[in-house]
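Heads up: the structure comes next, in structure tokens.
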Amino acid sequence: MQSLAILEETALSIWLRESGAAFFSSLTLHSLSMALVVGINFAIAFRLIGIVPTFDLKPFLKFYRLHWVAVIVIFLSGLALLLAYPAKALTNPVFYLKFSLLTIGLIISAWLQNQIQTHKIPGIAQHKFFWIAVASILIWIGTITAGRFLAYTNSILLASRFF
Ligand code: HEM
């Protein structure tokens, strides 16, 4: 806890916390990049479970470049939000649930990208792709829900209050 209090007292953490422009641009970038990451994964999953008509996934590979750039932005903006209130997130079990879910979500994204690249996904999705696509959708819904609940489930706002 003491190390979190020390982190909170750094100039960067104070700036990210007290500058409305810094905090809200981090939150806005976080939401925008989330829309891209989750949006692209949903589109591919909906194709694989047959909600949208079968279209060739190969051209969709170009979206993955955008997807991984958005993943970098979501990590950087997430880090900024984390640095603004380190104790708030790091003492909250919901944050670790969210991190586990997004890690699994990104592993599934990378695996599906590889399957598309190596033509392993036929026109009509096989059984295994159907259930992986369903899992992907549920995982991203879980990640967003956990992310949103972070602001309501924290027991500590600032560790420095205890020292
Ligand atoms: C694709 C992955 C991610 C998704 C879908 C996601 C989703 C969300 C959502 C929905 C929120 C609430 C935003 C709001 O209040 O308007 C949020 C907030 C937050 N996220 Fe993420 N996030 C992701 C990745 C990350 C990463 C990698 C980190 C840390 C490095 C992170 C750290 C945070 C923090 C600290 C907050 C602020 C919580 C608060 O209000 O106190 N997120 N995230």
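Multiplying the residue separation of Tyr152 and Ser19 by 0.36 nm and subtracting their alpha-carbon distance yields 45.7 nm.
The alpha carbons of the chain occupy a box of 61, 26, 22 Å along the principal axes, longest dimension given first. Rounded to whole numbers, the Karplus 3J(HN,Hα) couplings from phi for segment 83-96 are 5, 5, 9, x, 5, 4, 7, 6, 9, 9, x, 4, 4, 6 Hz, using 6.51 cos²θ - 1.76 cosθ + 1.60 with θ = phi - 60°, and x at Gly and Pro. Mean separation of Cα pairs under 8 Å and 6 or more residues apart, divided by the residue count, gives segment 2-158 a relative contact order of 35 percent. Highest GNM mean-square fluctuation among Ala146, Ala11, Ala45, for the chain modelled with Cα contacts below 10 Å: Ala11. Computed over the chain, the per-residue total of -39500 (n - 2.57) for DSSP H runs of n ≥ 4 gives a 222 nm mean residue ellipticity of -26000 deg cm²/dmol, rounded to 500. Among the lysines of the chain, pairs at least eight places apart or on separate chains and with Cα atoms under 24 Å apart come to 6.
Applying 0.36 nm per residue to the separation of Lys128 and Thr145 and subtracting their alpha-carbon distance, the gain on full extension is 3.5 nm.
Computed with a 1.4 Å probe over protein heavy atoms only, the accessible surface of segment 43-150 comes to 53 Å² per residue. For the chain, the longest principal axis of the Cα atoms and the long axis of helix 20-48 meet at an angle of about 20 degrees. Computed from Cα positions, the angle between helix 127-153 and the longest principal axis of the chain comes to roughly 20 degrees. Between Phe162 and Ser31, the modelled label-to-label distance comes to 3.2 nm, taking each label 7 Å out from Cα in the direction of the beta carbon.
A straight chain from Phe55 to Ile72 at 0.36 nm per residue would run longer than the Cα-Cα distance by 3.3 nm. To put it simply, the accessible area of the chain at a 1.4 Å probe is 74 percent carbon and sulfur. Under the simplified labelling scheme, the Arg65-Thr91 pair shows an inter-label distance of 4.5 nm, with each label point 7 Å from Cα along Cα→Cβ.
The values are calculated or read from the model by the stated rules, or taken from the named source; none is laboratory data. As the structure is a prediction and not an experimental result, all values here were calculated from the model. FYI the Cβ positions are ideal-geometry reconstructions off the backbone, even for glycines, and counts take in every protein chain you see. Side chains are part of the model used for accessible areas, which takes the heavy atoms of the whole protein and leaves out ligands, DNA and RNA. Shrake-Rupley method; radii C 1.70, N 1.55, O 1.52, S 1.80 Å.
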